[in-house]
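Here the structure comes first, spelled out in structure tokens, and everything after it is commentary.
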Amino acid sequence: MAAADAANAAMLAGTVGSGLLGGLYFIFSFCVMQALNTQPPATAIHVMNSINEAIINPPFFLIFMGTPLACCYVLFRCVKEGIRSPDHTLAASGALLLLVGEFLLTAFVHVPKNDALARYVVTGSGNDATVWAKYFTSWTRWNHVRMLASIATSALLASALSLRGARLSAGGGAGTAPLMH
């Protein structure tokens, strides 16, 4: 029963965490990046670098690292127990989507782009505009992907929890894997 309780808690944490990440990425895509793009390129570069430094803080890391960890545990439990119910299918799909579409995307696309921007030396020339335009366009497009992956993960995990609750309320718990009890 303890493993089932831990898996359910991880599913709930994944639901909330992916929702928070989806909201963060939404704000970046449709507010922060758009506002930065109205600034002179040198200013946009400086401010984005400041944001990338400031975002490295304990509350952000709790959600940014905790959500994928919760999803790893959910996926592990689903695979270990066998994906035998719609609850498991939704939970495993949501967990995998977050791990690939949010976490790995951040690690292999956004972090290298942010690191390259941090290494760039603002010159006050036309090159600043080229560097910013390339960064803004690519970073924002990929941010849309991780935003959608995070939002979809939240919906999938919430649906898994809802199905589990409805089934258990109806007395349909027999014969299912422990994650769902």
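Every read-out reported here was derived from the displayed coordinates using simple, explicitly stated rules and does not represent laboratory data. This one's a predicted model, so the numbers in the text were calculated from it and none came from an experiment. Because the Cβ atoms are built from the backbone with ideal geometry, glycine has one as well, and the counts that use them run over all protein chains shown.
Overview of results
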| read-out | value |
| --- | --- |
| Charge dipole magnitude, Cβ of K and R +1, D and E -1 - segment 1-159, Cα centre, debye nearest 20 | 240 debye |
| Cα extents of segment 94-173 along the three principal axes, largest first (Å) | 69, 16, 12 |
| Signed unit charges on C-beta, dipole axis of the chain, positive-most listed residue L156, V32, G14 | L156 |
| Reciprocal mean inverse distance between Cα atoms of the chain - Kirkwood radius, Å | 17.6 Å |
| Axial C-alpha extent at least 27 Å, average Kyte-Doolittle at least -1.0 - helices from the chain (DSSP) | 2-27, 58-81, 126-169 |
| Distance histogram in 10 Å bins (all Cα pairs of segment 1-101, percent per bin) | 14, 37, 24, 15, 8, 1 |
